[in-house]
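The structure appears below as structure tokens.
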Amino acid sequence: MDQQFVAGRLRVARELGGLTQAALAREVGITPAAISQFESGAARPSPSTVNLLARALDVPVPFLYRELVETHEGFFRSLRRTAVAARRHARAVAHVAHDVAVHAGEHGRIYVQAVPQIGVPLGASRDVIEEAAARVRTRWDLSRGPVGNVVDLLEGHGVAVIRLPLGTAAVDAFSLPFVDHPVVVLGADKDDRARSRFDAAHELGHLVMHGEQIWGLKEVEDQAHAFAAAFLMPADEIWEQLPTAVDWARLFELKRFWQVSLAALLRRARDLGRMSPATYLTAVKAASARGWRRVEPVPLGAPEAPRLVPDHLRSEEGHELSSFLPVRVLDGFNEIA
Ligand SMILES: [Zn+2]
């Protein structure tokens, strides 16, 4: 192989397997320090060592030679709650999804990304975020009213979207802002269309407002939430429709129309000053007492399904993928898709 070993690939492969550097070193019969040097690029493994590493990690050898597009740690919510190992594993899987998108891009099957970049600084007012969301709607030619299908919309603009069982609440939806094909990962275990749409819009908010610039702060998460609300429920359209009192019949109707959760509607009503904080609190308590925080009434059906990455995996070209990507992860995508 005339290509060079790519240091970052070893880390991704190791995190896919959920191994520590020490565990991998034991498996391969070398020192943890050597693994550390291979991953940092301070030293390069011999071809025979690369073979041993690939076998221990259950990845094809060419996986360790492919170019790696790097980005930051990713937009994860609740960083403190999320175990580092779980986050790294999820992130490594997203890298594989990115590889699939790059491969699809080379075959002209996925557009290069066209997500507007509208930098929003820390400390920005809510109006600035509302404006950013409105600009994306305009840029993407969305008509007034609810967004039809958020996942389709993202895929149509070069974003690779996948669903993965992210397990409990440890890892929520997250995204990685690769410049060519950003990756959005949605939880497969949240069987709730309304919440899943909001998650997708939240990740879009990160890609639009934050990109490679800022991440890992609570305010950044709050901004993405505000963006999602504004994107899915434009203030000038929904303001008049939102109730000022706890009117469940009205809220159910709005949930069906806008395809957003009751929780999101209530919060929007409060944030836009349509509902007083006291009324909002009464509503949230009533919903909680009925168990609606876990399962809301007025189900909207199955969550929106990603198509581009799963379709590509099923296609003829998909077979080529297994020559350089870990089959076990690709199978995982297929099961969920
Ligand atoms: Zn986020």
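Some notes on this structure:
- Positions within the stretch 185-201 being within 15 Å of the ligand (Cβ to nearest atom) and not charged (D, E, K, R), in sequence order: 185, 186, 187, 196, 198, 200, 201
- If you go through the stretch 285-310 and pick out every residue that is in contact (Cβ under 8 Å) with a residue 12 or more places away in the chain and assigned to a helix (DSSP H, G or I), you end up with 5.
- Test set (1) closer than 30 Å to residue 114 by Cα; (2) assigned to a helix (DSSP H, G or I); (3) not charged (D, E, K, R) - residue 282 fails condition number: (1)
- Count - residues of the stretch 40-67 that are closer than 18 Å to residue 93 by Cα and buried (at least 16 other Cβ atoms within 10 Å of the Cβ): 10
- Answer from 49, 71 - the residue that is of a type outside the set (A, V, I, L, M), within 16 Å of the ligand (Cβ to nearest atom) and under 18 Å from residue 8 (Cα atoms): 71
- Of all the residues in the stretch 1-32, those that are part of a loop (DSSP other than H, G, I, E, B), aliphatic (A, V, I, L, M) and surrounded by 16 or more Cβ atoms within 10 Å (Cβ to Cβ) number 3.
- Residue 221 more than 13 Å from the ligand (Cβ to nearest atom), assigned by TED's automatic domain parsing to the domain that holds residue 125 and within 17 Å of the chain's Cα centre (by Cα): no
- Check on residue 268, in a helix (DSSP H, G or I) and among the charged types (D, E, K, R): yes
- Candidate set: the stretch 202-216, residues that are within 11 Å of the ligand (Cβ to nearest atom) and at pLDDT 90 or above; chosen: the one surrounded by the fewest Cβ atoms within 10 Å (Cβ to Cβ): 210
- Look at (1) within 27 Å of the chain's Cα centre (by Cα); (2) among the aromatic types (Phe, Trp, Tyr); (3) modelled with pLDDT of 95 or more and you find that residue 239 fails only one, number (1).
- Test: residue in the stretch 273-283 that is among the basic types (Lys, Arg) and either surrounded by 12 or more Cβ atoms within 10 Å (Cβ to Cβ) or closer than 16 Å to residue 227 by Cα (or both): yes
- Yes/no for residue 95 being away from the ligand (no atom under 16 Å from the Cβ), assigned by TED's automatic domain parsing to the domain that holds residue 210 and touching a strand residue (DSSP E or B) at 6+ places or on another chain (Cβ under 9 Å): yes
- Within the stretch 288-337, the set of residues being closer than 21 Å to residue 161 by Cβ and in contact with a His (Cβ under 9 Å, 6 or more places away or on another chain) comprises 312, 315, 317, 318, 321, 325.
- For the stretch 162-174, a residue qualifies if it is aliphatic (A, V, I, L, M) and either within 15 Å of the ligand (Cβ to nearest atom) or modelled with pLDDT under 90 (or both), and the qualifying residues are 164, 166, 169, 170, 171, 173.
- Some residue of the stretch 102-119 being within 16 Å of the ligand (Cβ to nearest atom), in contact with a Phe, Trp or Tyr (Cβ under 8 Å, 6 or more places away or on another chain) and modelled with pLDDT of 90 or more: no
- Residue match in the stretch 231-250 (condition: within 16 Å of the ligand (Cβ to nearest atom) and closer than 18 Å to residue 136 by Cβ): yes
- Residue check, residue 77 in a loop (DSSP other than H, G, I, E, B) and over 23 Å from residue 330 (Cβ atoms): yes
- Test result for residue 122, surrounded by fewer than 18 Cβ atoms within 10 Å (Cβ to Cβ) and not assigned by TED's automatic domain parsing to the domain that holds residue 19: yes
- Condition met for residue 187 (within 12 Å of the chain's Cα centre (by Cα), farther than 24 Å from residue 269 by Cα and surrounded by fewer than 24 Cβ atoms within 10 Å (Cβ to Cβ)): yes
- Scan of the stretch 208-263 for residues that are farther than 24 Å from residue 193 by Cβ and touching a Ser or Thr at 6+ places or on another chain (Cβ under 8 Å), ordered by number: 212, 244, 245
The values are calculated or read from the model by the stated rules, or taken from the named source; none is laboratory data. Given the structure is predicted, the values throughout are model-derived calculations rather than measurements. Heads up, the Cβs are rebuilt from the backbone with ideal geometry, glycines too, and the neighbour counts pull from every protein chain shown.
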